[in-house]
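Written below as structure tokens is the structure these notes are about.
The values are calculated or read from the model by the stated rules, or taken from the named source; none is laboratory data. Here the structure is a predicted model, which is why all the values come from computation and not from measurement. Neighbour counts run over all protein chains shown; Cβ positions are idealised from the backbone, glycine included. When the accessible area is computed, the model is the full protein with side chains, heavy atoms only, and any ligands, DNA or RNA have been set aside. Shrake-Rupley method; radii C 1.70, N 1.55, O 1.52, S 1.80 Å.
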Amino acid sequence: IGGCKEDGMRPNMVEARDDETRRKVEIYQLYEEQCQREGVVDFGELMLRSFEVLRDNDPIREHYQRRFRHILIDEFQDTNKLQYQWLKAFAGPGCGVFAVGDDDQSIYAFRGAKVGNMADFEREYRVKKIIKLEQNYRSFGNILDAANALIAHNAQRLGKNLRTEAGPGEPVRVFESTSDFAEAQWLLEEVQALHRSGLPRSEIALL
């Protein structure tokens with residue numbers, strides 16, 4: 001149900017291809033009717049209903065298009081299909097849209113995020129200037145080299161190459177454990193070894 005709402009679809013818009021999908025559509029319809037009776041909405045409904053108001057009411061949509069002449073979108077890689085439709089409803093003629101995102105950091109597909117929104121935005125809005133923020137101030141070179149090598153395997157990424165002036169840093173080590181308990185034991189021993197070598201515990205962090 002949440003996925004349908006994030007895609008802007010009411011029950012009558014969902015294609016029932018088989019018995020399982022038909023049953024899900026029935027449940028979606030029953031859920032909507034129950035919410036109407038109770039006078040409650042979920043988060044997806046808040047988003048969908050607000051979009052429908054903008055889509056179906058020209059005076060309201062045009063009012064907000066005039067009101068918001070500049071739009072800033074942050075974490076664009078985490079937006080879903082419906083949120084992108086929101087943007088297009090808000091951004092009227094002459095509106096300036098500034099979008100910030102990193103397709104390589106898109107990890108929320110499981111909750112409806114569509115990283116393809118970034119490429120669609122670039123194409124549909126005929127983006128003339130893309131600013132790539134490739135200098136990294138957080139990590140050392142060895143970490144960035146490893147990250148760049150791994151993420152390069154993603155076929156449809158927009159593309160960038162992270163770099164740093166912080167130097168190479170320590171080599172990246174990979175440890176493969178046989179279980180979560182073995183991993184925890186290894187980490188514990190690493191921390192103890194670092195502390196014995198003179199490193200204060202306040203300088204040790206586990207991400």
Subject >> Pairwise label distance in nanometres, Arg49 with Thr21, each label 7 Å out on the Cα-Cβ vector >> reply: 2.8
Original post:
What shape does the stretch 65-201 have by the C-alpha gyration tensor, where a ≥ b ≥ c are the square roots of the eigenvalues, rounded means a/c under 1.5, and otherwise prolate means a/b greater than b/c and oblate the rest?
Top reply: prolate
Original post:
By the scheme Lys and Arg +1, Asp and Glu -1, what is the net charge of all other residues having a beta-carbon under 11 Å from that of Val14?
Top reply: +2
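Efficiency by 1/(1 + (r/R0)^6): what FRET value for Ile151 and Glu189, r their Cβ-Cβ distance, R0 = 41 Å, to the nearest 0.05? Could the numbers behind the result be given before it?
Details: r = 30 Å, r/R0 = 0.74.
My answer for the efficiency is 0.85.
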Original post:
Given labels modelled 7 Å from the Cα in the Cβ direction, how far is it in nm from Ala109 to Glu75?
Top reply: 1.9
Original post:
Can you pull the percent of the stretch 1-110's accessible area that's carbon plus sulfur, 1.4 Å probe, other chains left in place?
Top reply: 53
**OP:** Leaving out ligands and nucleic acids, note down the accessible area per residue over the chain with a 1.4 angstrom probe, in whole Å².
**Re:** 74
Original post:
For Leu206 and Met13, what is the calculated FRET efficiency with R₀ set at 45 Å and r taken between the beta-carbons, to the nearest 0.05?
Top reply: 0.45
Original post:
Given the pairs Lys5/Lys129; Lys5/Lys160; Lys24/Lys114, which are separated by over 30 angstrom at their Cα positions?
Top reply: Lys5/Lys129; Lys5/Lys160
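Just from its helices, what would the mean residue ellipticity at 222 nm be for the chain, if runs of 4 or more DSSP H residues each count -39500 (n - 2.57) and the sum is divided by every residue, rounded to the nearest 500 deg cm²/dmol? Walk me through the numbers on the way to the answer.
On the way: 8 runs with 96 residues, N = 207.
Taking each H run of at least 4 residues, the total per residue is -14500 deg cm²/dmol.
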**OP:** Sketch the reach of a paramagnetic label on Cys35 as a point 7 Å from Cα along Cα-to-Cβ, and name the residues of the stretch 43-73 whose backbone nitrogen lies under 13 Å away.
**Re:** 43-52
**OP:** Pull out the extension gain between Ser197 and Ser177, defined as 0.36 nm times the separation in residues minus the alpha carbon to alpha carbon distance; nm, one decimal.
**Re:** 4.8 nm
Original post:
Once the piece of chain linking Arg66 and Glu165 is laid out straight, how much longer is it, given 0.36 nm per residue of separation minus the C-alpha distance between them?
Top reply: 31.2 nm
